[in-house]
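Chemist: Starting off with a structure, shown below.
The values are calculated or read from the model by the stated rules, or taken from the named source; none is laboratory data. Worth saying up front: this structure is predicted, and the values here are computed from it rather than measured. Counting neighbours? That spans all protein chains shown, and the Cβs are built from the backbone with ideal geometry, glycine included. Side chains included, ligands, DNA and RNA excluded: accessible areas come from the protein's heavy atoms. Shrake-Rupley method; radii C 1.70, N 1.55, O 1.52, S 1.80 Å.
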Amino acid sequence: MPATKTDWADLEARYYMRTFTRLPVVFERGEGCYVYDDEGKAYLDMVAGLAVNILGHAHPVLVEAMTKQAQKLIHASSLYYSEPQLQLAQWLIERSPADRVFFANSGAEANEGAIKLARKHGRLHRDGAYEVITVSGSFHGRTLATIAATAQPKFQEPFLPMPDGFKSVSFNDFDSMREAITPKTAAIMLECVQGESGIHIHDGEYLRAVRRLCDEHNLLLMCDEIQCGLGRTGTFYGFQQFGFEPDVFTLAKGLAGGLPIGAILATERAAVFTAGDHGSTMGGNPVCCAAGMAAMRYLEEQQLAANAARAGQALKDELANLKETMPGIVEVRGMGLMIAFDTAKPIAQQVVREGLGQGIILNATGPNTVRMVPPLIVGQGEVEKAVGLVAASLKRVAAA
Ligand SMILES: *Cc1c(COP(=O)(O)O)cnc(C)c1O
């Protein structure tokens, strides 16, 4: 058994596909908002496995739900009825504008399903229209269709040509959206708050105008809620911050508190799949759905969306204060617990590395942008500690 970081780095260099630029740390266990490396060092986790561990680490409620379900039945397939799957379906639908759900295993897969809904909607209700319009800077996943939907050239270039049927428009720009619509358009897909591009928030007025545009042209409005959903912005769904409702939306990341899951939710009108149109071997797996049920109940009972609003505001305010004393920070953005700051110089990656040294996990979304999407259970104490550690990390980068 390898014992040191060097050994793990060596194994990954030899055997793993060259897809990740990993940070030099091996995480071994976690508890609450902290994770611990193989030497027992603690890190305040402001990334939460990229917005996944919404209840923090090793939450007893989650551990118990997973354990109990694993002892009963780990997998059976959706050829049969499944208790946890249908309980989670009912719970989600009763709290959403959607009427039907389908469970997948990841965000990209949920978005693929949404794109299939768009195409079938176009075929049935818009003379065979099939095109999906997306927004510059978006991120919708890593499968071929979802990188085609992701309007960022760096994700597409190595894999050209892209599948047909996608078109992108500039961010928060209503005129360019309106002009992009043709008889081929079936749907518009967007994130109310873009995550991967470094936390960019659409205007409510823009989103409501896009909603009207979709109604006028009988297009599906599809919201990718994979990062901004599930309480993170301060309301259960991100779109609730902006006063409109989509026809289709997708969830993943935090839905099962750390187990793989994805979900497509759609109104009755948009839920156009019929028997045989879609499927998934693992989608709706009992253990993942039992974990999802536990995570969602806890989120609701403990009012974690309200906590996200409160803690997120505190974090944004404290970072804005820091900006006054730290010339290195040029902008702080965020909504709830989706927060980013931009640095004047391209030092985001160095800040992340220094952060590890200081005992905080941060994420760089680009050369000048540091993002935080912490567990929804963070309190005032963790917020203050995080800002102190960010300041210390910035100082060390400036001194280097
Ligand atoms: C993470 C993310 C995805 C992709 O999810 P995977 O589970 O990695 O496939 C899609 N959309 C958004 C907005 C995301 O943040």
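Chemist: Using the heavy atoms of the protein chains and a 1.4 angstrom probe, tell me the accessible area per residue for the chain in square angstrom.
Modeler: 45
Chemist: Show log10 I(q)/I(0) for the range 294-372 at q = 0.11, 0.15, 0.16, 0.23 Å⁻¹, two decimals, from a solvent-free Debye sum over equal Cα scatterers.
Modeler: For the range 294-372 at q = 0.11, 0.15, 0.16, 0.23 Å⁻¹, log10 I(q)/I(0) is -0.34, -0.58, -0.65, -1.04.
Chemist: Also: Okay, which of the range 228-242 sit inside 14 Å, backbone N to the point 7 Å along the Cα-Cβ direction of residue 306?
Modeler: Output list for this probe position: 234-236.
Chemist: Please find, in a Gaussian network model of the chain (springs between Cα atoms separated by less than 10 Å), the residue of 221, 55, 11 whose mean-square fluctuation is greatest.
Modeler: Looking only at 221, 55, 11, the largest GNM fluctuation is found for 11.
Chemist: How many percent of Cα pairs in the range 1-86 exceed 18 Å?
Modeler: 62
Chemist: Distances over 41 Å make up what percent of all Cα-Cα pairs in the chain?
Modeler: For the chain, the share of Cα pairs beyond 41 Å comes to 13 percent.
Chemist: Which pairs in the list 316/395; 253/395; 345/385; 316/345; 41/345; 41/323 are over 27 Å apart, alpha-carbon to alpha-carbon?
Modeler: 253/395; 41/345; 41/323
Chemist: With the chain treated as a Gaussian network of Cα nodes joined by springs under 10 Å, which of 369, 325, 235 yields the largest mean-square fluctuation?
Modeler: Fluctuation is largest for 325.
Chemist: Restricting attention to the range 212-313, which GluC sites (Glu not before Pro) occupy a DSSP loop and are surrounded by at most 12 other Cβ atoms within 10 Å?
Modeler: 268
Chemist: Could you list the square roots of 5 times each eigenvalue of the Cα gyration tensor of the range 252-400, that is, the equivalent ellipsoid semi-axes, sorted largest first and rounded to whole Å?
Modeler: On the way: eigenvalues 266, 61, 43 Å².
Taking √(5λ) for each eigenvalue gives 36, 17, 15 Å, largest first.
Chemist: Work the Kirkwood hydrodynamic radius out for the range 47-201: mean of 1/r over every pair of different alpha-carbon atoms, inverted, in Å.
Modeler: 18.1
Chemist: Ok, one more. For residue 184, give me every one of the lysines with a C-alpha distance below 16 angstrom, ignoring sequence neighbours fewer than eight places off in its own chain.
Modeler: List returned: 116, 120, 167.
Chemist: Going by average Cβ neighbours within 10 Å, how do the peptides 331-343, 172-184, 79-91 rank, with the highest at the top?
Modeler: By packing density, highest mean first, the sequence is 331-343, 79-91, 172-184.
Chemist: Using amide H atoms built in the peptide plane, which far-off residues or other-chain residues are under 5 Å from residue 331 H to H?
Modeler: 342
Chemist: Moving to a separate point now. I'd like the distance separating the alpha-carbon centroids of the range 173-233 and the range 39-72, in whole Å.
Modeler: When both Cα centres are located, 32 Å separates them.
Chemist: Can you work out ³J(HN,Hα) from phi for every residue in the range 126-137, in order, using Karplus 6.51 cos²θ - 1.76 cosθ + 1.60 and θ = phi - 60°, giving whole Hz and x for Gly and Pro?
Modeler: Using θ = phi - 60°, the values come out as 9, 6, x, 4, 9, 7, 10, 8, 10, 10, 3, x Hz.
Chemist: About its Cα centre, how strong a charge dipole does the range 91-202 have in debye, to the nearest 20, once Lys and Arg get +1 and Asp and Glu get -1 at the Cβ?
Modeler: Rounded to the nearest 20 debye, it is 300 debye.
Chemist: Taking springs between alpha-carbon atoms closer than 10 angstrom, which of 236, 139, 244 fluctuates most in the Gaussian network model of the chain?
Modeler: 244
Chemist: Can you send over the carbon and sulfur percentage of the accessible area for the chain, probe radius 1.4 Å, protein chains only?
Modeler: 53
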